[in-house]
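Laboratory data are not the source of any read-out in this text; all were calculated from the coordinates shown. As the structure is a prediction and not an experimental result, all values here were calculated from the model. Cβ sites come from the backbone with ideal geometry, for glycine too, and all protein chains shown count toward neighbours.
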Amino acid sequence: MGKTRIFFLSEENESISFLEDVLSNVDGYETFLCPDSLNAVEDFRRFLPAIAVVDLDKTYPESLFQTLQDISPATRFMGVGSDILHLNPFQQRLYSGALSKEELRLRFMTVVNELKQQSEILAAIKESLKKIVGKSDAIKRLYDSILKAIRSKGATVLIQGESGVGKELVAKAIASVSNHLISVNCSAITESLFESELFGHVRGAFTGAISEHRGLFEAANGGILYLDEVGDIPLPMQAKLLRALQEGEIRPVGSNETKKVKVRIIAATNRDLQKETLAGRFRSDLFYRLNVIPIYVPALRERKEDIPELVAHFIREYSIRPGLSPRISPQTMQELIRYDWPGNIRELENAIHRGLVLMNGDELKSENIFTTPISAQANTPIRRDWRGISYAAFQELQKQELREYIVAKIRENDGSISRTAESFGILRPGLYALARRLGLDISKRNK
């Protein structure tokens, strides 16, 4: 993060000197002292400060301040001085009165801390957006939507998009301005425990409730509650969620008292909630309550121009040999771009990770990346009929084929784990770790 720049327009002024002494003991600030008005415009233009401190004990032409404001409208001007006589209108607006040094220090540091906080927020937003990789028009529109959601403090956000597109990254980017984010996957909560998980319960509310439990709404009070897969909430529970959103209060299970909560909701789903409402599977009033700021996260096939940048990002992320950047041929890159990626970014990420583990040499090839063979005619991955296949089943298919590949390579190397690991470009412990993640026992094979 860059330093906060503070510009002083002053000759000999005890208070100005005092401020400089204060800043010399505070990290993160850069100061510039301009002793006269002759070079003020040029120095100001070059320095472009966040704060400009003006010596009010010296008379400056009002046109000078207007020029400085035109150069940098965002600059905050502060006046320091004790004599209100003979001040031009601009200086009168800056006049701070006869303040003691301590009062002056406190007033000044309030402004400085405010600017520092704004800088930290901007840095957090910038850092979170860096994780959403791409430069396509679709991603630019997504950035715009995220920034609108950040500016609309407190407004409910509904993020929609297919599985694997990165909805959670979008939610975290919006929540980057908050220090308090609670996340929950609604599809993982059974209907019988839904109220208790979200709203809490008191001791003795039901069998097994041996102590009081604070729900997620109460835990997120004053912050953000991220409801992932909100479209999977059972219909009877949707009414209870709607009441909490409308009234801003919750009633723990087994309690006769309500609790006020102030929570911003960010909801996400891979379902088309408009279609779900028409089908009667999702309450229309809850949909309208959630859909205050709608955000659509595009599928990877809708922004294929981002694939080269995403591939480079995942290679940096998962390269098992630090300092070495695997080559990828234009032909392989074209295969990656032509493929439709039904599992979206999550599938691409897993494919590149797998390819880096399985590749030989320093070139990442399509046979390492794809689990399906390449068509000899079109030189593109053979398409399967994915209709009716869940993403969990798709992931299991990938794991099964990778298990078969590892076993085949071990046989090819006469059962030697060491030679097999070497052919993968990794060490033996790395191959054992990969096998364990896949549920494959290779410990009884030759070393």
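What does the extension gain come out to for K399 and Q66, with contour length at 0.36 nm per residue minus their alpha carbon separation? List each step's numbers first, then the result.
On the way: separation 333, 0.36 × 333 = 119.88 nm, distance 6.67 nm.
Difference between extended and current length: 113.2 nm.
Between the range 28-57 and the range 201-217, what's the alpha-carbon centroid distance in Å?
Going from one Cα centre to the other spans 60 Å.
Using the 10 angstrom Cβ neighbour count as an exposure proxy, how do M78, M333 rank, fewest first? Can you show the working numbers first?
Details: M78 19, M333 15.
Listing M78, M333 from fewest to most nearby Cβ atoms yields M333, M78.
Hey, which aspartates and glutamates would be in cross-link range of K140, C-alpha to C-alpha under 14 Å, not counting anything within fewer than 8 residues on its own chain?
Within the straight-line cut-off, K140 pairs with E302, E305, D306.
Peptides 304-317, 334-347: what's the order by average Cβ count within 10 Å, highest mean first? Could you put the intermediate results ahead of the total?
Details: 304-317: 16.8, 334-347: 18.7.
The packing order, highest mean first, is 334-347, 304-317.
For T110, T258, T75, which order do you get if you count the other beta carbons within 10 Å of each Cβ and list the fewest first?
Details: T110 10, T258 15, T75 18.
With the fewest neighbours first, T110, T258, T75 line up as T110, T258, T75.
Using 30 Å as the Cα-Cα cut-off, could you pick out the over-long pairs in K126/K399; K131/K409; K130/K260; K172/K260; K126/K260? Write down the numbers at each step before the final one.
On the way: K126/K399 35 Å; K131/K409 35 Å; K130/K260 36 Å; K172/K260 25 Å; K126/K260 33 Å.
Pairs exceeding 30 Å: K126/K399; K131/K409; K130/K260; K126/K260.
Pairs of alpha-carbon atoms within less than 8 angstrom and 6+ residues apart define the contacts here; what relative contact order does the range 301-370 have, in percent?
On the way: 62 pairs, mean separation 27.0, N = 70.
After rounding, I find 39 percent.
In what order do V407, V170 fall by count of nearby beta-carbon atoms within 10 Å, going from fewest to most? Don't skip to the end; give the middle numbers.
Numbers: V407 15, V170 27.
So the residues, fewest neighbours to most, are V407, V170.
Label points 7 Å out from Cα along the Cβ direction at E249 and Y318: separation in nm?
Between E249 and Y318, the simple spin-label model gives 5.1 nm.
Restricting attention to the alpha-carbon atoms of the range 391-438, what are Rg (one decimal) and Dmax (integer), both in Å?
That works out to 11.4, 35 Å for Rg and Dmax.
Ranking request for peptides 418-425, 181-188, 48-55, 267-274: highest mean number of other beta-carbon atoms within 10 Å first, then the rest in descending order.
Working: 418-425: 18.0, 181-188: 16.0, 48-55: 21.5, 267-274: 19.8.
Those peptides, ordered most packed to least, come out 48-55, 267-274, 418-425, 181-188.
What residues have an amide H closer than 5 Å to that of L33, excluding those fewer than 5 places away on the same chain, when H is modeled at 1.01 Å from N in the peptide plane?
Sorted by chain and number, the residues that satisfy this are F8.
So which aspartates and glutamates pass the test for K3, namely a Cα distance under 12 Å, with those fewer than 8 places away in the same chain ruled out?
By straight Cα distance, K3 reaches D27, E30, E120.
Quick check: the distance between the Cα centres of the range 418-440 and the range 218-279, to the nearest angstrom?
What the calculation gives is 45 Å, centre to centre.
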